[in-house]
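The values are calculated or read from the model by the stated rules, or taken from the named source; none is laboratory data. Bear in mind the structure is a predicted one, so any value in this text is a computation, not a measurement. Note: ideal-geometry Cβ built from the backbone for every residue, glycine included; neighbour counts use all protein chains shown.
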Amino acid sequence: MIIEMQTAASQDSIRRVIGKIRGLECEAQINAGQEKVVIAVLGRDTGSIATEIFEALPEVERVFRIMQPHKLASRDFQQDKTVVKIGDVEIGGQAVIIIAGPCAVESEEQVLLTARLVKKLGAKILRGGAYKPSTSPFKFQGMGEDGLRILAAAKEETGLKIVTEVLSPRDVELVSECADILQIGARNCQNYDLLEEVGQAGKPILLKRGFGMSITEWLQAADYILRRNNPNLILCERGIKTFEPSTRYTLDISAVPVIKRFSHLPVIVDPSHAAGDRRYVPDMARAAAVIADGLLIEVHPNPMEALKDGPQSLTFSGFTELMADLKRLTAAIGREI
Ligand code: PEP
Ligand code: MN
């Protein structure tokens, strides 16, 4: 249930509403928008609470039920689009933010070479996994702490922001020391313990869509993070499993307009993991750049030798060409990189 306060409602009236909500053993989440304060009533059985209970309170403008299963991620709770600010980088604004880098951190040389190139071409954020989820336990699992140190060195040299994946609640503190954005991977999008933990880490979060998840389930996963009072959340569409075997996953481009309609959260697109094949990545990236808040693209100095996701990683020359295209494309639609 949503309680919209009148414009310029007093703190006293807001406190009274919150007190009432807590008295009903529900949770109150507050959104102080530019115009007015909106308060969400959350709990197991809010359906049985009569809206009149709140309508009768002073300075309450309107009370209505959120019809979607997701609550805090919904446009009902927050009308204005969320813009996640990381220093001078804004995700959810006018610019198409490019996140680029290798799938996994493999060596200092590999990361630094990539960081310098992507920075020069206009990427704002460097990606690279120090902790890698692997389908097989016998495959490379990442460099761990050494990988984090390499990312920190690349950040120090280039000034790029860092996004890197955290796999387990026990690593959140350590990864937070180096990361500007914590990535929750597709496989962990419904790991609710982890979502709660990163929600409390005080860092922006990049939440990838699980490849077997509906948009609604994904937005409910987002609610776990938002509930911990972490508003700095970015969604990332990275492809879902379908019957189509030509690509590794199927990029659900329609997720972008659907998210824009039902949620205030920024949404970026990862064509690399969706395609699984570098030949498809540029076209998919160009298509997504027109509507998404950003792109996440895997780049490697020598994809043939990559320890992870080589087939989908762009070469340096492939990435250089794509960035030139993206600059022209975004300029043509009044956006920038
Ligand atoms: C990745 O970003 O390298 C990754 C493992 O992605 P996903 O979780 O989308 O598979
Ligand atoms: Mn990868």
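For this structure, a couple of remarks:
- Of all residues in the range 97-129 being away from ligand 2 (no atom under 14 Å from the Cβ) and among the small types (G, A, S), the one that is nearest to V84 (Cα to Cα): A123
- Residue within the range 133-146 that is modelled with pLDDT under 95, away from ligand 1 (no atom under 16 Å from the Cβ) and part of a loop (DSSP other than H, G, I, E, B) present: yes
- The single condition among (1) within 22 Å of M323 (Cα to Cα); (2) part of a helix (DSSP H, G or I); (3) within 12 Å of ligand 1 (Cβ to nearest atom) that R187 does not satisfy is (1).
- Flag not set for V163, criterion: crowded, with 19+ Cβ neighbours inside 10 Å, more than 16 Å from the chain's Cα centre (by Cα), in the same structural domain as S254 (by TED's automatic domain parsing) and touching a residue at least 40 places away in the same chain (Cβ under 8 Å).
- Any hit, the range 200-218, residues being more than 20 Å from G92 (Cα to Cα), surrounded by fewer than 22 Cβ atoms within 10 Å (Cβ to Cβ), among the small types (G, A, S) and touching a Ser or Thr at 6+ places or on another chain (Cβ under 7 Å): yes
- Search result, residues across the range 252-266 that are assigned to a helix (DSSP H, G or I) and touching a Phe, Trp or Tyr at 6+ places or on another chain (Cβ under 9 Å): A255, I259
- Only one of V299, V290 that is more than 16 Å from ligand 1 (Cβ to nearest atom) and out of contact with any Asp or Glu (no Cβ under 8 Å at 6 or more places or on another chain): V290
- Qualifying residue in the range 257-266 (condition: within 13 Å of ligand 1 (Cβ to nearest atom), within 26 Å of F319 (Cα to Cα) and not acidic (D, E)): no
- Of all residues making up the range 38-71, the number that are in contact (Cβ under 8 Å) with a residue 60 or more places away in the chain, farther than 20 Å from Q11 by Cβ and in contact with a helix residue (DSSP H, G or I) (Cβ under 8 Å, 6 or more places away or on another chain): 5
- Filtered by the rule that a residue be touching a residue at least 60 places away in the same chain (Cβ under 8 Å), of a type outside the set (A, V, I, L, M) and crowded, with 19+ Cβ neighbours inside 10 Å, the range 249-271 gives S263, H264, P266, D270.
- Within the option set S74, S107, being without any contact (Cβ under 8 Å) to a residue 60 or more places away in the chain, over 15 Å from L314 (Cβ atoms), small (G, A, S) and more than 16 Å from ligand 1 (Cβ to nearest atom) holds for one residue only, S107.
- Which listed residue is within 18 Å of K124 (Cα to Cα), touching a residue at least 24 places away in the same chain (Cβ under 8 Å) and within 12 Å of ligand 2 (Cβ to nearest atom), from L296, L307: L296
- Of all the numbered requirements in (1) more than 14 Å from ligand 1 (Cβ to nearest atom); (2) closer than 17 Å to A104 by Cα; (3) in contact (Cβ under 8 Å) with a residue 12 or more places away in the chain, L322 misses one, and that requirement is (2).
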